[in-house]
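The next block holds one structure in the form of structure tokens; read it before the comments.
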Amino acid sequence: MELTIKGTPKGVTRMDSLISALSKLFTQAYEQGIADGRSQQAVDHKMIGRKDFYSEFGIKVDTFDKHYRDKEGFPKPEEDGKWYAPAVEKWLLNHQNLSN
């Protein structure tokens, strides 16, 4: 016995209709996600000075100078003496110490 939904072509079952509706829904959600992602800037291309480390990352200037600035692998400042914030953020994330 085959169940059909009123108004659907003969041979189309409720399961077929459900699968078709879900497929359309997922396609719409995917396309909307792509559109939303394209409308947002992925990286904030900001340059920061020493004094900005506290407002950006919660690192005081003296702590920055003592523990981060000359650490091996830490991003180097540009010629204007400012650091590329996304590179600093990435370095910090990759070098965080997790402890209780």
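Computed values, structure above
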item	result
Positions within region 51-69 being open to solvent by less than 80 Å² (accessible area, probe 1.4 Å) and either among the acidic types (Asp, Glu) or assigned to a loop (DSSP other than H, G, I, E, B) (or both), in sequence order	Asp52, Glu56, Gly58, Ile59, Asp65
Residue tally, condition surrounded by 16 or more Cβ atoms within 10 Å (Cβ to Cβ), hydrophobic (A, V, I, L, M, F, W, C) and not in a loop (DSSP other than H, G, I, E, B), over region 70-91	4
Residue count, region 39-82 (criterion: among the acidic types (Asp, Glu), farther than 20 Å from His95 by Cα and more than 23 Å from the chain's Cα centre (by Cα))	3
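The values are calculated or read from the model by the stated rules, or taken from the named source; none is laboratory data. No experiment lies behind these values; they were computed from the predicted model shown. Reconstructed Cβ throughout: ideal geometry from the backbone, glycine too, with neighbour counts over all protein chains shown. We work out accessible area using only protein heavy atoms, side chains counted, and drop any ligands, DNA or RNA first. Shrake-Rupley method; radii C 1.70, N 1.55, O 1.52, S 1.80 Å.
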